[in-house]
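Working notes, beginning with the structure itself.
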Amino acid sequence: MNTIVFSSPSIPARTRKIPGNMAIWAAILAEMSEFAIMFIVYFLAKVHNPQVFSEGPTKLSTLAGTANTLIMLTSSFFVVRAVIAMRQNKADTSARWLWAAVACGALYLIIKLFEYQWNTSQGLSTETNIFYAVYYYVTFNHFLHVGWGTAAIIWVIYRLKTNIYTQEEHEGLINIALYWHMIDLAWITIFPLLYVIR
Amino acid sequence: MHNSHIKLINYLWVFLILLTLFSAYMAERATPGLTSVCIMAIVLAIKGRIIVDYFMELKEAHVILRALMRIYFYVIPALIILVYLFPEEIAKWTVL
């Protein structure tokens, strides 16, 4: 990945690399903190409402949650392969991997909408109980991240196609790749908390 | 970029998929209890570590950045287990 290297001579070079740029890391750490606050809210609500949180996941669609986890992990894999292709100076291949990631993002959004519709048909809403209030708050927040993350990947594909990135300089691609992995990290945490652990 | 690196990334993706399918199986079949909660926490820690180290390429990156990202996947799994083991105590400490 494109890197920033701090100039401190006391730290070995390999421990000073920063993939992408500082701005994207400020954004990633801020977003990870935002999700951490949501997870703390989940834990606190859970200890105060153990019965509700034990029963809550049983009424959600494990299939939808699992499918979206597989899709998010696969999209992250596609993004890694896009970065590798760019380093090999294969811009067209890189763009194809990114389009595959965009397809995953779109599929995730479609499945999530079907899941929300299915929940509604089961009578589940933010008003049902605190478990579903937390579920909707966390998952809709993540839904928005996938939405703008997908749009950002499309922007990077446009930049790739207009030859703005080169084998040596493609920091924009790296930054979006890192941001997408952050969205993936948030989802792999949400999945066990809301769908698996009873 | 060596082919061995691409192979490693491919294998890690397959491993992540298998871990997710295992989690889904646990969600549907396993009896809720300490063992299944611990397994889920460990699975989350492993998945997070793989993405941080290999997909985000922080394994050999700046030590503070790597630590900040790795610690997330120690703390959240630890909280999962603590909340399962001591729900009443934590509830008592967190009343306004």
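The values are calculated or read from the model by the stated rules, or taken from the named source; none is laboratory data. None of these values were measured; they are calculated from a predicted model. For neighbour counting, all protein chains shown are included, and Cβ atoms are generated from backbone atoms with ideal geometry for every residue, glycine included.
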Going by the conditions given, is residue A:27 in contact (Cβ under 8 Å) with a residue 60 or more places away in the chain and either surrounded by fewer than 16 Cβ atoms within 10 Å (Cβ to Cβ) or outside any helix (DSSP H, G or I) (or both)?
-> yes
Residues satisfying the stated conditions in the stretch A:120-132, i.e. surrounded by fewer than 19 Cβ atoms within 10 Å (Cβ to Cβ) and touching a residue at least 24 places away in the same chain (Cβ under 8 Å) = A:122, A:129, A:130
Just name the residue that is nearest to the other protein chains (Cβ to nearest Cβ) out of those in the stretch A:169-194 that are over 13 Å from the mean Cα position of the chain (by Cα), aliphatic (A, V, I, L, M) and farther than 28 Å from residue B:84 by Cα.
-> A:174
Could you list all residues from the stretch B:28-64 that are in a loop (DSSP other than H, G, I, E, B) and either facing chain A (nearest Cβ under 7 Å) or in contact (Cβ under 8 Å) with a residue 12 or more places away in the chain (or both)?
-> B:32, B:56, B:57, B:58, B:60, B:61, B:62
Any idea which residue in the stretch B:1-60 is surrounded by the most Cβ atoms within 10 Å (Cβ to Cβ), counting only those that are polar (S, T, N, Q) and under 18 Å from residue A:186 (Cα atoms)?
-> B:23
Does at least one position in the stretch A:99-108 carry a residue that is among the β-branched types (Val, Ile, Thr), at pLDDT 95 or above and in contact with a His (Cβ under 8 Å, 6 or more places away or on another chain)?
-> no
Unique match (being in contact with a helix residue (DSSP H, G or I) (Cβ under 6 Å, 6 or more places away or on another chain) and modelled with pLDDT under 95) among B:27, B:61, B:45 | B:27
Residues of the stretch B:1-19 being at pLDDT below 95 and more than 9 Å from every other protein chain (Cβ to nearest Cβ), in sequence order, are B:2, B:3, B:4
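Here is a yes/no grid of residues against (1) surrounded by 23 or more Cβ atoms within 10 Å (Cβ to Cβ); (2) within 14 Å of chain B (Cβ to nearest Cβ); (3) at pLDDT below 95; (4) farther than 25 Å from residue B:50 by Cα:
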position: A:118; (1), (2), (3), (4): no, no, no, yes
position: A:140; (1), (2), (3), (4): no, no, no, yes
position: A:164; (1), (2), (3), (4): no, no, yes, yes
position: A:167; (1), (2), (3), (4): no, yes, yes, yes
position: A:196; (1), (2), (3), (4): yes, yes, yes, no
Considering residues of the stretch A:88-107 that are within 14 Å of another protein chain (Cβ to nearest Cβ), in a helix (DSSP H, G or I) and touching a residue at least 12 places away in the same chain (Cβ under 8 Å) only, the residue surrounded by the most Cβ atoms within 10 Å (Cβ to Cβ) = A:101
For the stretch A:46-64, name all the residues that are more than 10 Å from chain B (Cβ to nearest Cβ) and part of a helix (DSSP H, G or I).
-> A:51, A:52, A:55, A:56, A:59, A:64
Under 6 Å by Cβ, and 6 or more places apart or on different chains, what pairs join a residue from the stretch B:16-27 that is within 13 Å of residue A:72 (Cα to Cα) and among the small types (Gly, Ala, Ser) with one that is part of a helix (DSSP H, G or I) and at pLDDT below 95?
-> none
Please work out which one of (1) within 7 Å of chain A (Cβ to nearest Cβ); (2) farther than 24 Å from residue A:179 by Cβ; (3) surrounded by 15 or more Cβ atoms within 10 Å (Cβ to Cβ) is the condition residue B:94 fails and give its number.
-> (3)
